[in-house]
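Below: the structure, in structure tokens.
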Amino acid sequence: MADIDIRPLPAMRIAAATDVVPVDAVAGVVEALFQEVQAVFGHAPGAQDVPIATYAFDGDRMRVAAGYLVGMLVPEGLEDVELDAEEQVATLEHHGPMAGVTATWEALHGAIAERGLVPSGVARERYVRAASADQADWIVELQQPVRPA
């Protein structure tokens, strides 16, 4: 069983770029969405401190948002994505290149099922450390809201 943590998460707002794509195309759009947001923020101090991506099913497609935690104003050209507070969120850290994140998501969902829970709500990735080009030292916290089955 994967070593997951279950805890509440506060509500948050992200300034994001979004797209709705086939589920198998999700990995190919996340980086491009982050680049769109970075182009708007430029080099504003602190504007890119907390990167977050979200994933929500939209029929047979996935709505993807990628951006940065914001306090108040969302710059023109970006979407204001509000994430509700969640009482129970299962979390698991992914270490290393994002090419392996699918296996970590699968481990998280397996551990959720083993605990008699089911996913509910918008899944999130919080990029704890994501600065190196080769992604070898990346740490990404996978966050899945859950409820009893």
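Bear in mind that the values in this text are calculations on the coordinates, not laboratory data. Just so we're clear, the structure is a prediction, and the values are computed from it rather than from any experiment. In this analysis, Cβ positions are derived from the backbone assuming ideal geometry, glycine residues included, and neighbour counts consider all displayed protein chains.
Observations on the model:
- The structure shown yields Cα extents along the principal axes in Å, and of the options [x] 44, 32, 29; [y] 102, 36, 23; [z] 47, 35, 26 that calculated value carries the label [x].
- Going from the fewest other Cβ atoms within 10 Å to the most, the residues E114, E36 appear in the order E114, E36.
- Counting neighbouring beta carbons within 10 Å and listing from fewest to most, the residues R124, R147 come out as R147, R124.
- Only helical runs count toward this figure. For the chain, summing -39,500 (n - 2.57) over DSSP H runs of n ≥ 4 and dividing by all residues gives -6500 deg cm²/dmol at 222 nm.
- Fluctuation leader among R115, R129, R13 - the chain, Gaussian network, Cα springs under 10 angstrom: R115
- Amide proton proximity set for G121, modelled H, under 5 Å, gap of 5+: none
- Rounded to the nearest 20 debye, dipole of region 5-148 from Cβ charges on Lys, Arg, Asp, Glu: 240
- J(HN,Hα) series, region 82-88, from Karplus relation 6.51 cos²θ - 1.76 cosθ + 1.60, nearest Hz, glycine and proline x: 9, 10, 5, 5, 10, 6, 10
- Annotation for I6 and E76: the two label points, set 7 Å from Cα along the Cα-Cβ direction, are 4.7 nm apart.
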